[in-house]
1. Considering only residues that are surrounded by 17 or more Cβ atoms within 10 Å (Cβ to Cβ) and not in a loop (DSSP other than H, G, I, E, B), which ones fall in segment 40-54?
2. For segment 168-194, give me each residue that is in contact with a strand residue (DSSP E or B) (Cβ under 8 Å, 6 or more places away or on another chain) and modelled with pLDDT under 90.
3. Output the residue which, of all residues in segment 101-118 that are open to solvent by 60 Å² or more (accessible area, probe 1.4 Å) and under 12 Å from Asp199 (Cβ atoms), is modelled with the highest pLDDT.
4. Of the residues that sit in segment 187-211 and are surrounded by fewer than 21 Cβ atoms within 10 Å (Cβ to Cβ) and not charged (D, E, K, R), which one is nearest to Arg237 (Cα to Cα)?
5. Looking at segment 4-39, which of its residues are in contact with an Asp or Glu (Cβ under 7 Å, 6 or more places away or on another chain), open to solvent by 60 Å² or more (accessible area, probe 1.4 Å) and not in a loop (DSSP other than H, G, I, E, B)?
6. Please state which of the following conditions Thr184 fails to meet, knowing it meets all the rest: (1) buried (at least 16 other Cβ atoms within 10 Å of the Cβ); (2) out of contact with any Asp or Glu (no Cβ under 8 Å at 6 or more places or on another chain); (3) of a type in the set (Val, Ile, Thr).
Amino acid sequence: MHFTSEQHLDDAVLEREFTLGEIPGILWTPASASAPAPLILLSPPPLGLRKTYPRLVARARHAGADGFATATIELPGSGDRPRWPAAEQARADLRRAIEAGEPVSDEIIDALILPLVDKSVPEWQAALDALLSLPEIGGPVGYSGGVISIGTRLAVVEPRISAAVLFAGSFVPRAMFEEARQVTIPLHVLLQWDDEGNDRQAALDLFDAFGSKEKTLHANMGGHTGVPQSAGDEAGRFLARHLK
């Protein structure tokens, strides 16, 4: 991990950009922390860190006020990372189906999501290795964000993650339902009821499939970007209960 810049935000949070090989990322830590801080992994949507920075830094500041470190990394094929032709083709096929008013096929969903999960989950694990080696970060570790299939896979394969907030705002391949049954950590799932880009029934079915004994579905009216502040606050309280 190589830090490339740093700045103190006005609410006593230190922001540092880093690279991990070819992967850009950002780490936020409470500037006044006297002991290693627990960590929350903030998974961005596949739109690029520059576009989603305002949302990510707002969540990082909120978490920093509660004593958490937070970190994010750029997803494969997004932002400044090299183009990924297969992913771009899958997104083009998705747009064509939606514009034509056709159902989004399982083949399109699989091509769009499964390679992204396969590539990004090991990258998240490598980032976690590097982050936990820093003296200012301890544990436990939580996860927060979407694509929901990435969070599902990480919850299965990464034992260092103790709890997860998952955003139900992306298509779900059928193969992920079997993986969901293997998830046992506490979950808090956010669902926007009128999300135009999400299959609501698939999101509900995925929630039902999760094997966790503690799981909460927090549904709100509104579109994809309309998550109310109260829902974000409740997700923060969920992580605080399990990580402190």
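The values are calculated or read from the model by the stated rules, or taken from the named source; none is laboratory data. Everything numeric here is computed off the predicted structure, so don't read it as measured data. Neighbour counts run over all protein chains shown; Cβ positions are idealised from the backbone, glycine included. Accessible surface areas use protein heavy atoms only, side chains included; no ligands, DNA or RNA. Shrake-Rupley method; radii C 1.70, N 1.55, O 1.52, S 1.80 Å.
1. In the first step, residues of segment 40-54 are kept if they are surrounded by 17 or more Cβ atoms within 10 Å (Cβ to Cβ); the result is 40-46, 48-49, 52.
Scanning segment 40-54 gives Ile40, Leu41, Leu42, Ser43, Leu49, Thr52.
2. Selection gives Ala168, Gly169, Leu190, Leu191, Gln192, Trp193.
3. Per the stated criteria, the residue is Asp106.
4. Phe207
5. Of everything in segment 4-39, those that are in contact with an Asp or Glu (Cβ under 7 Å, 6 or more places away or on another chain), open to solvent by 60 Å² or more (accessible area, probe 1.4 Å) and not in a loop (DSSP other than H, G, I, E, B) turn out to be Thr4, Glu6, Gln7.
6. (1)
Every residue, every condition in (1) farther than 20 Å from Leu128 by Cβ; (2) of a type in the set (A, V, I, L, M); (3) modelled with pLDDT under 90, yes or no:
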position: Thr4; (1), (2), (3): no, no, no
position: Asp10; (1), (2), (3): yes, no, yes
position: Leu14; (1), (2), (3): no, yes, no
position: Leu27; (1), (2), (3): no, yes, no
position: Leu39; (1), (2), (3): no, yes, no
position: Pro44; (1), (2), (3): no, no, yes
position: Pro54; (1), (2), (3): yes, no, no
position: Ala63; (1), (2), (3): no, yes, no
position: Ile73; (1), (2), (3): no, yes, no
